[in-house]
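Structure, as structure tokens:
Just so you know, all these numbers are worked out from the coordinates, no wet-lab data involved. Not measured: the values here are computed from a predicted model. Cβ placement follows ideal geometry from the backbone for every residue including glycine, while neighbour counts extend to all protein chains displayed.
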Amino acid sequence: VDELKAEQLAKTQDPLALMKEEAGIQLKAEEYDLMAAAADLDEIKKVNANCILMANLQQASI
């Protein structure tokens, strides 16, 4: 507990260290958002491919 308090105190006395930590947190959040967007894009591509396949199958069965 004392180590945590000392670390927090050091950060308040060192604005650059605090800014670096906040930037790291922000970067992690942006990385997460990017990974989530990539997963969404993959899902959209799969749905589009399935729609095209179904349309082609319907057209072939006419």
Here are a few candidate values for Cα Rg over 2.2 N^0.38 Å: (1) 1.17; (2) 1.52; (3) 2.32. Which one was actually calculated from the structure I just gave you? (3)
Report, to the nearest 10°, how far helix 15-61 tilts away from the longest principal axis of the Cα atoms in the chain, using its own Cα long axis and a range of 0 to 90°. 10 degrees
Is there a quick way to get the dipole size of the chain? I mean about its Cα centre, with the Cβ of Lys and Arg at +1 and of Asp and Glu at -1; what is the value in debye to the nearest 20? 360 debye
How far is helix 2-13 tilted, in degrees, relative to the longest principal axis of the Cα atoms in the chain, given as a value from 0 to 90 rounded to the nearest 10? 90 degrees
In the chain, lysine pairs 8 or more places apart or on different chains with C-alpha atoms under 25 Å apart total 5
